[in-house]
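Take a look at the structure set out below.
The values are calculated or read from the model by the stated rules, or taken from the named source; none is laboratory data. Please read all numbers here as calculations on a predicted model, not as lab measurements. Positions of Cβ are generated from backbone atoms using ideal geometry, with glycine treated the same way; all protein chains shown enter the neighbour counts. What goes into the accessible areas is simple: the full protein's heavy atoms, side chains included, and nothing from ligands, DNA or RNA. Shrake-Rupley method; radii C 1.70, N 1.55, O 1.52, S 1.80 Å.
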Amino acid sequence: MTLYPAEYTRIVVFTGAGMSAESGVPTYRGRGGTWERYQWEEYACQEAFERDPEGVLRFHALRRQAVLQCKPHAGHEAIVQLEKNHGSVTVVTQNIDGMHQRAGSRNVIELHGSLWRLRCPDHGVIDDVGERYTTDHCDRCGGWLRPDIVWFCDNLDEAVVDRALTAISSCDLLVSIGTSGVVWPAAGFPVAARENGAQCVEINPEETDMSYLYETAIREPAALCLPNLFDYKLL
Ligand code: OAD
């Protein structure tokens, strides 16, 4: 399949863990997925953090180290090229690994937060981008800093969801890549895009529970499909 970006006014690229799979970052569900190897109840919820902040921070420090061993792939680069060749591209991602930004994407909405930020519940968010945390306590109140990630049982940041929904409900092309689509609000995105008459394309080697919402499916991995998907010739 070929997409001609010049035919669209506003494009949204919506990504999940499958986007980073060929970089070497494990997905969450399915064989070898993070939630098969680790119990989220022990590592990815506020209750776990309150019980064992050091253990939870150590788990996320290991994830940071693992991500730093990985590099963006040709699919990430194709999205950067799309941004460079089209005036309105928004990347909405569920990924917390920062891979789109490392590849050079500029307009990225991170629905589930970032591995590269820490947060004090009272004094806000700090960037912390190294392999090791520069600190794990707030320098104002001395309390533990938690990863600025949307964990299980957390609410999403409403302002971030609003920005994502505004982009999605006004786009005329939605390209969804590597998500099982089961986590809210992801499941509603193709519906919101279609209400605006957008063309919705799913890139995923596997069919998902949400596949029926997309009019076109490309059953290929992201790094194989994306570099050949966009044609910048004017029709
Ligand atoms: P999942 O692990 O649920 O789904 C990954 C999807 O990527 C699956 O549908 C795979 O078929 C597909 N996939 C695998 N390899 C691929 C490849 N090379 N190219 C394209 N697709 C591929 O991940 P998400 O849908 O992102 O939340 O999960 C959503 C959220 O659930 C995550 O953000 C995470 C998790 O709990 C938080 O951590 C807050």
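Of the residues in the range 69-91, at least one is in the same structural domain as SER20 (by TED's automatic domain parsing) and at pLDDT below 95.
Applying the set (1) touching a residue at least 60 places away in the same chain (Cβ under 8 Å); (2) touching a His at 6+ places or on another chain (Cβ under 9 Å) to GLY178 leaves exactly one unmet item: (2).
Considering only residues that are open to solvent by less than 20 Å² (accessible area, probe 1.4 Å), assigned to a helix (DSSP H, G or I) and away from the ligand (no atom under 14 Å from the Cβ), which ones fall in the range 65-105? Correct list: VAL80, LEU82.
Please find, within the range 1-56, the residue that is surrounded by the fewest Cβ atoms within 10 Å (Cβ to Cβ) out of those that are among the charged types (D, E, K, R), in contact (Cβ under 8 Å) with a residue 40 or more places away in the chain and within 11 Å of the ligand (Cβ to nearest atom). Looking at the filtered set, the residue picked out is ARG29. The number of residues in the range 214-235 that are among the small types (Gly, Ala, Ser) and in contact with a Pro (Cβ under 6 Å, 6 or more places away or on another chain) comes to 0. Would you check if there is a residue in the range 106-121 being among the hydroxyl-bearing types (Ser, Thr, Tyr), under 15 Å from the mean Cα position of the chain (by Cα) and more than 16 Å from the ligand (Cβ to nearest atom)? Scanning the range 106-121 turns up no residue that is among the hydroxyl-bearing types (Ser, Thr, Tyr), under 15 Å from the mean Cα position of the chain (by Cα) and more than 16 Å from the ligand (Cβ to nearest atom).
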